[in-house]
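J.: Here's a structure for you.
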Amino acid sequence: MEVIVKNTYEEMSALAARIIAELIHRKPNCILGLATGSTPVGTYKALIRLHKNEGLDFSKVTTFNLDEYVGLSPDHDQSYRYFMNDNLFNHINIKKSNTHVPDGMAEDIPAACEAYERKIKKAGGLDIQLLGIGGNGHIAFNEPGSSLGSRTRVKTLDDQTIQDNARFFKSIDEVPRYAVTMGIGTIMEARQLILLANKENKADAILKTVEGPITAMVPATIVQLHPRATIITDKAAASKLTREYPEEPRVLKLKHHEESCCASTDSPSYAKASEGRPRKRTVRREKVGNRR
Ligand code: F6R
C-alpha cells in the first residue's frame, strides 16, 4: 500500500486526476470505478480541465459508481446519478450509456444488485476504483461491521453517515436510510484502488486505515490487503499518522528500460512488470517510499 501526503486538497486532487488520465491515455477503453461526496469533486474538476484544455478523451471510457441512495430517482438533486452528471459526465465527452450508477429505484433491488455485479464483470472488471472514506472508516456505503467479502447489496446507513450527509439535505429527516452499495469484495477486485481523504475530520479514519489492524469495524482497513492501493491525503487528513509519508509516488526504474515511471500511476512498463507474468528483469527502486 502506498501512502502519499500532499500539502493541499488541490494537489491531492491533481495527483488523483493524473493517475486516472494516465490510465485513459494507456487504455482509452478503460473501466473506471467512481465515487461521489465532497472528496472527489476536485479530482473531477481536474479531469474536466484535462478534457477541455488537453483533449483528454473519455469517448471510449466506461464507468461504474460505488453507490446510490434507495428511493432517490436519478433526477433528484441529491441522488448520486444527478451528482455524477452535474460534477463530471455533463462536462466531458463520455457516452452516458457507458456510465453506470446503481439503481436505487429498482423494483427488485437484490436482482438489480446482481445485475450490477454481472455488468462490471462483463465489462472486464474495474481498472481503477476511486474511493472516499467516511469519518467512521466506511468505503462506499460499507458501514462498520460490513462483511469484508460482501458484494453489491442494500445497506442501512450508520447514524454517523446520516448525520454527516445531512449537510446536503434540507433536514436530517430527508436523508435516506438505505443505500445500494458495491460490496467490499467487489471493490477489492478492482485492479487498482485510489483512496482519497482530506480535512481533519478524516484524520482518525486515516490513522486506523493506514496504521491500524485490518478490521470489519473500519472497512477501509481492507485496502491494506490490496496489491495495488494508493492512499492520497492532504496534510490535515494525515495529521494523526505517526510515520513519515512521501509527497510524491515512488519512482521506479526498470533495468533495460530508459523510461522511469511512477509506481502508482500505471505506466505501461510498470504495469506489465506487475501483471503477474514473471519477468527476468530486476526492478530497482530509485526512491523508496513506504511500501507496506
Ligand atoms: C460516496 C461514497 C462514500 C463517501 C464518503 C465520504 O460514493 O462512497 O463512501 O466517499 O462518505 O464522503 P465525503 O467525500 O462527502 O466526505
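Coordinate-derived values only; no laboratory data. Worth saying up front: this structure is predicted, and the values here are computed from it rather than measured. Glycine also receives a Cβ, built like all others from the backbone with ideal geometry; neighbour counts cover every protein chain displayed.
J.: Which one of the conditions (1) within 16 Å of the ligand (Cβ to nearest atom); (2) surrounded by 21 or more Cβ atoms within 10 Å (Cβ to Cβ) does ASP103 fail to meet, given that it meets all the rest?
T.: Here ASP103 meets the rest and fails (2).
J.: Which of the residues spanning the stretch 29-47 are closer than 22 Å to ASN201 by Cα and more than 10 Å from the ligand (Cβ to nearest atom)?
T.: GLY42, THR43, TYR44
J.: Can you tell me which residue in the stretch 49-70 is surrounded by the most Cβ atoms within 10 Å (Cβ to Cβ), limited to those that are within 11 Å of the ligand (Cβ to nearest atom) and acidic (Asp, Glu)?
T.: Checking each candidate, the answer is GLU68.
Residue-wise test of (1) under 21 Å from THR233 (Cα atoms); (2) in contact with a Leu (Cβ under 9 Å, 6 or more places away or on another chain); (3) of a type outside the set (A, V, I, L, M, F, W, C).
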| residue | (1), (2), (3) |
| --- | --- |
| GLY132 | yes, yes, yes |
| ALA140 | yes, yes, no |
| GLY145 | no, no, yes |
| GLN163 | no, no, yes |
| VAL175 | no, yes, no |
| VAL180 | no, no, no |
| THR186 | no, yes, yes |
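J.: What are the pairs with Cβ atoms under 6 angstrom where one residue, in the stretch 131-147, is in a loop (DSSP other than H, G, I, E, B) and the other, located anywhere, is within 6 Å of the ligand (Cβ to nearest atom) and not acidic (Asp, Glu)? Sequence gap at least six, or different chains.
T.: GLY132/ALA35; GLY132/GLY37; GLY132/THR39; ALA140/LEU66
J.: Counting residues that are of a type in the set (D, E, K, R), within 14 Å of the chain's Cα centre (by Cα) and within 16 Å of the ligand (Cβ to nearest atom), which strands (runs of 3 or more DSSP E) fully inside the stretch 157-252 reach at least 1?
T.: Fully inside the stretch 157-252 and qualifying: nothing.
J.: Please go through the stretch 115-130 and pick out each residue that is outside any loop (DSSP other than H, G, I, E, B) and in contact with a Lys or Arg (Cβ under 8 Å, 6 or more places away or on another chain).
T.: Listed by number, the residues that qualify are GLU117, ILE128.
J.: Looking only at residues that are under 18 Å from PHE83 (Cα atoms), of a type outside the set (A, V, I, L, M) and surrounded by fewer than 22 Cβ atoms within 10 Å (Cβ to Cβ) in the stretch 1-48, which one is farthest from the chain's Cα centre (by Cα)?
T.: Top of the filtered list is LYS45.
J.: Suppose we keep only residues that are surrounded by 21 or more Cβ atoms within 10 Å (Cβ to Cβ) and of a type outside the set (D, E, K, R) within the stretch 71-83. Which one would you say is farthest from the ligand (Cβ to nearest atom)?
T.: SER79
J.: If you don't mind, another one. Looking only at the stretch 112-130, which residues are within 16 Å of the ligand (Cβ to nearest atom) and more than 30 Å from ASP234 (Cα to Cα)?
T.: CYS113, TYR116, ILE120
J.: If you don't mind, another one. Would you mind stating whether SER146 is surrounded by fewer than 18 Cβ atoms within 10 Å (Cβ to Cβ) and either at negative phi or touching a Cys at 6+ places or on another chain (Cβ under 7 Å) (or both)?
T.: Taking the combined requirement at face value, the residue does not satisfy it.
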